[in-house]
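Below is one structure, written out as structure tokens; the observations come after it.
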Ligand code: PMP
């Protein structure tokens with residue numbers, strides 16, 4: 001029996017995708033082998049990665065002057081790759097809206113003069129700041145478009161002349177995105193795209209081709225992957241293959257615009273219920289509520305624990321909130 005899985009990530013995948021993968025597990029497309037057993041230099045795998053990139057480009061309407069890369073190490077490795085690839089003048093501004101945004105900021109501080117241009121830490125990250133103390137002459141501005149632990153999301157983009165770099169790990173393809181507004185987008189795949197293992201980087205070519213910090217490791221250089229079609233070394237083949245299936249599923253559904261409508265309707269149902277209830281509370285500023293992660297609490301930790309236990313008995317699992325917030329969290333990805 002499949003459960004209702006509210007895991008924050010890795011998280012549930014479309015059942016149709018899982019079934020298709022299961023059916024192909026021992027013999028992919030007449031090759032007599034599983035994709036997990038296949039050379040990444042083989043024709044069938046080349047077709048898989050090419051098609052996955054093409055579908056991602058189509059679904060996100062990625063302009064031609066952007067690279068689409070499939071890398072490893074999770075979004076966390078991109079916390080380092082971002083400053084290592086983009087530092088030229090030696091200054092970067094960060095908007096600190098949560099735990100991961102802060103981790104990105106702290107990593108960057110090892111390589112560049114990183115500055116928190118705004119933070120909502122004083123309110124336990126329950127809102128997205130609207131005013132920013134951006135500096136002149138920064139290499140980039142970094143934001144986290146959806147804050148997985150705290151349940152907030154940007155509904156606007158900060159105005160800046162510097163390239164905007166976005167961690168979209170927990171809301172990529174959950175809504176329409178104008179890629180041309182960003183210099184770089186990166187996302188770990190394990191929420192909306194695929195099993196864990198692959199990280200997507202979408203980066204403006206001029207930013208990638210412009211050179212990196214001298215100390216940038218070869219494997220973290222976006223240019224290394226761009227020049228080699230994400231096949232410089234062995235890529236996370238299975239995750240890329242599974243992502244291809246998820247993207248086909250999303251295309252069939254109608255793409256990011258339709259997905260956004262579904263996500264808005266789905267999240268509204270939950271928020272409306274919480275808001276009319278005198279039993280449950282969501283502490284996030286209403287205008288900044290995430291469509292993907294919905295934290296909520298009851299009046300006491302004892303009742304929270306009881307809720308989580310009884311929900312699990314009904315087949316509603318992984319509802320325990322993150323330890324930094326407590327209570328419950330329903331992750332309701334695509
Ligand atoms: N950024 C955000 C917004 C996340 O939610 C996460 C993981 N939950 C990360 C970064 C870290 O991603 P990874 O585990 O792929 O390194």
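Bear in mind these aren't lab numbers, they're just calculated from the coordinates by the rules spelled out. Everything numeric here is computed off the predicted structure, so don't read it as measured data. Positions of Cβ are backbone-derived with ideal geometry, glycine not excepted, and every protein chain shown enters the neighbour counts.
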With a Förster distance of 35 angstrom and the Cβ-Cβ distance between residue 133 and residue 233, calculated FRET efficiency to the nearest 0.05 equals 0.30
Sequence-separation-based contact order of the range 115-164, relative, with Cα cut under 8 Å and 6+ spacing, percent: 36 percent
With an 8 Å Cα cut-off and a minimum separation of 6 or more residues, compute the relative contact order for the chain in percent. 24 percent
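Exposure proxy check: 39, 331, 34 ranked by fewest other beta carbons within 10 Å?
On the way: 39 12, 331 22, 34 15.
Least crowded to most crowded, the residues run 39, 34, 331.
With N set to the number of residues, divide the alpha-carbon radius of gyration of the range 201-260 by 2.2 N^0.38 Å and report two decimals. List each step's numbers first, then the result.
Values: Rg = 15.4 Å, N = 60, 2.2 N^0.38 = 10.4 Å.
Ratio of Rg to 2.2 N^0.38 Å for the range 201-260: 1.48.
How large, in Å, is the chain by the Kirkwood hydrodynamic radius built from its alpha-carbon pairs? Write down the numbers at each step before the final one.
Values: mean 1/r = 0.0482 Å⁻¹.
Taking every pair of different Cα atoms in the chain, averaging 1/r and inverting gives 20.7 Å.
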Please compute the Cα-Cα pair-distance distribution of the range 39-114 with 5 Å bins starting at 0, giving whole percents from short to long. 3, 13, 17, 15, 16, 15, 11, 7, 3
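Cut-off is 10 Å between beta-carbons; in what order do 180, 290 appear when sorted fewest neighbours first?
Values: 180 11, 290 27.
The fewest-first ordering by Cβ neighbours comes to 180, 290.
So for 224, 160, fewest C-beta neighbours within 10 Å to most, what's the order? Walk me through the numbers before you get to the answer.
Values: 224 19, 160 16.
Result, fewest neighbours first: 160, 224.
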Hey, what D do you get for the range 206-334 in µm²/s if you plug the Kirkwood alpha-carbon radius into Stokes-Einstein at 25 °C and 0.890 mPa s? 133 µm²/s
